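Structure first, then comments.
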Amino acid sequence: MVTIDSTLEDIMKLDYASREMLLEILQKRQIESRRDEMAKNARRSLREYHSGKLPALTADEVIEKLNNPQ
C-alpha cells in the first residue's frame, strides 16, 4: 500500500531540481483542479438560475444575505 509517508520518502530521493519540478507540477495541477471545480459550480448555478431555482438578486441583496445567513 502506498502511503503519503512512503511517497515523501521516495520524493526526497530525487535530486533538488527534480523535487522543484515536481512541486511546480503539483501546484499547477492544484490550480487547474480548483479552476475545474469553480467552473463546475458556475455551470450548476447557471442551470439552477435559468430553471428558476435561484432568484435574481441585486448586489446589495446578496451582500445582505451573506452578512445575515438564516
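Can you tell me how many residues within region 4-22 are in contact with a helix residue (DSSP H, G or I) (Cβ under 9 Å, 6 or more places away or on another chain), of a type outside the set (D, E, K, R) and open to solvent by less than 90 Å² (accessible area, probe 1.4 Å)?
Within region 4-22, residues that are in contact with a helix residue (DSSP H, G or I) (Cβ under 9 Å, 6 or more places away or on another chain), of a type outside the set (D, E, K, R) and open to solvent by less than 90 Å² (accessible area, probe 1.4 Å) number 4.
Between residues in region 51-68 that are on the phi > 0 side of the Ramachandran plot and residues that are exposed (fewer than 10 other Cβ atoms within 10 Å of the Cβ) and not in a helix (DSSP H, G or I), which pairs lie under 8 Å by C-beta distance while being six or more apart or on different chains?
Cβ pairs passing all conditions: none.
The values are calculated or read from the model by the stated rules, or taken from the named source; none is laboratory data. Quick caveat: nothing in here was measured; it's all calculated off a predicted structure. With ideal geometry, Cβ positions are generated from the backbone for all residues, glycine too; neighbour counts draw on all protein chains shown. Side chains included, ligands, DNA and RNA excluded: accessible areas come from the protein's heavy atoms. Shrake-Rupley method; radii C 1.70, N 1.55, O 1.52, S 1.80 Å.
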